[in-house]
Each structure stands twice: as C-alpha cells, then as structure tokens.
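Asks: There's a structure below that I have some questions on.
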Amino acid sequence: EIKRKTLSEDDDALAPIYSNIGSVHTNMGEYSKALEFYEKSLKIHEISLPTNHSDFASSYNNIGHVYNNMGEYSKALEFYEKSLKIHEISLPPNHPSFAISYNNIGEVYRNKGEYSKALEFFEKANNIWKISLPPNHPSLAISYNNLGVMYGNMGEHSKALEFHQKSLKIHEISLPPNHSSLATSYSNIGRVYDKIGEYSKALEFHEKSLKIGEISLPANHPDLATS
C-alpha cells in the first residue's frame, strides 16, 4: 500500500507486487480479483519491457492459469500459448519452462475433454522433465500421473496402470508415508484395477488410499467419500 501511494501506477517496481497479490487471490479462489492484479502487472510489462522478455511469459502463464480455473478454456489456451511462444524465442529447446507450458496446455485440453490433444502435450512435458530433472523429482510423479489419467480416460488401461505405478514409485521414495499424493496414487491405481475387473487388487489399493485419507484429512472431507 505504501509503494502504491509513493509510486505512479505504471512504475515497473509495482509489477511483481501486483503479481504477488494476484497469486494470493488465485490461491484463495478469488479469480476475478486475481485477474485484475495480473493484468495490472502485465500492463506495466507492456510499458517497460521488450516484447519477448521472460517476465511476459510469467504474466501470460499466470493469466492463463486463472482463466483455466474459471473454466474459460479458450482464453486459458490463448495465454498459455503466448507464454510458450516467448519460451520458444528466448530459451534452449529442453529448458524445464517448456515442460511447464506443455503441461499447462495439456491440462486445458484435458478439461475440455480433448484427451488425445492433452496426451500429446503431457508427453511433450514428460519428455523434457525426464531429460532435465532427477529421476525421482516430484514434477515427474505429477507428469506420470497426468499420463496415467489420460490413458485411463482413453480406455488404455494397461498404459494407465504403467504410468500410475511410475508416479507411485516416486511418491514412495520422495514423500512421507501418509502424504495425500500417495493416497491419490493408490486411488488411481485402484480405479484402473476396477476397470479391468481385478476387483481384489482394486479393493487393496482403495483401502490403502482410504487409510491415508483417514489419517491426513478431516472426517467430513469429500475425498473420503470417493476413496
């Protein structure tokens, strides 16, 4: 508030502050407020920075994230693609920022129900993360999970199981035993076994998921109803 009173509204020192406020509103689910502050930050970048500066990529990504959360998928895609375009100009081809962009675009296509397009971008993200990250990095676990979900949605259950098991393996190495991400992995594997008719295995994994949920979640949490 002090900086806003002492600086002009388009002073470049305000851009990261607006962005940080936007991030807090995003985390609170206040998406219209988040958008307002992210757009203020972007406006300052447009005045003060060269066209392909990396801060534009961050701004576009933040705005895309808000639109994705609001269900405005065409706008989300527009801003995620703008972010990707800047990466293509300014970064080496296997930079981890590409993986984040590809993953974000994949999430939009998944939300739109365009699973083959989502899979295409999730695979691009996964290929870069495999090159640029250590093998047990949490981002790889998320990536394998995304691939598993897509293959499951497309009815390719053996592939889905393969990727969910890869995700689980990383979680088991890198997370405490009652972490909620382990519960998600167990639940996803349980769903696949249910789909392919291996009901005893499905039950085993759903019970593992439930056990963690009972420890780590409040008694009325909705995830307990679906475990």
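Laboratory data are not the source of any read-out in this text; all were calculated from the coordinates shown. If you're wondering where the values come from, they're calculated on a predicted model, not measured in any experiment. A quick note on method: Cβ atoms are made from the backbone with ideal geometry, for glycine too, and the neighbour counts reach across all protein chains shown.
Asks: Under Stokes-Einstein, with the Kirkwood radius over Cα pairs standing in for Rh, what whole-number D in µm²/s applies to region 164-203 at 20 °C and 1.002 mPa s?
Replies: D = 208 µm²/s.
Asks: Still on this structure: Just order 15-22, 173-180 by mean Cβ neighbour count inside 10 Å, highest at the front, would you?
Replies: So the order, starting with the most tightly packed, is 15-22, 173-180.
Asks: Going by alpha carbons, how many degrees (0 to 90, nearest 10) lie between the helix axis of 157-174 and the longest principal axis of the chain?
Replies: 70
Asks: Let me ask another. Note down the net charge around N52, summing +1 for each Lys or Arg and -1 for each Asp or Glu among other residues with Cβ under 14 Å from its Cβ. Each step should come with its number before you reach the end.
Replies: Numbers: positive: K82, K85; negative: E46, D55, E88.
Once positives and negatives cancel, what remains is -1.
Asks: On C-alpha positions alone, give me the angle between the axis of helix 138-153 and the longest principal axis of the chain, in degrees, nearest 10.
Replies: 60
Asks: Then there's this: What are the equivalent ellipsoid semi-axes of the chain, built from the alpha-carbon gyration tensor (square roots of five times its eigenvalues), in whole angstrom, biggest first?
Replies: Numbers: eigenvalues 267, 87, 47 Å².
That gives 37, 21, 15 Å for the three semi-axes.
Asks: With respect to the cross-link table entries K33/K82; K33/K169; K40/K117; K112/K211; K40/K85, which display a Cα-Cα separation exceeding 28 Å?
Replies: Beyond 28 Å: K33/K169; K40/K117; K112/K211.
Asks: Using only the Cα atoms, what convex hull volume per residue in Å³ does region 133-226 have?
Replies: Output value, Cα hull per residue: 89 Å³.
Asks: Rounding to the nearest 10 and keeping the result within 0 to 90°, find how far the Cα-based axis of helix 199-216 lies from the longest principal axis of the chain.
Replies: Tilt of helix 199-216: around 50 degrees.
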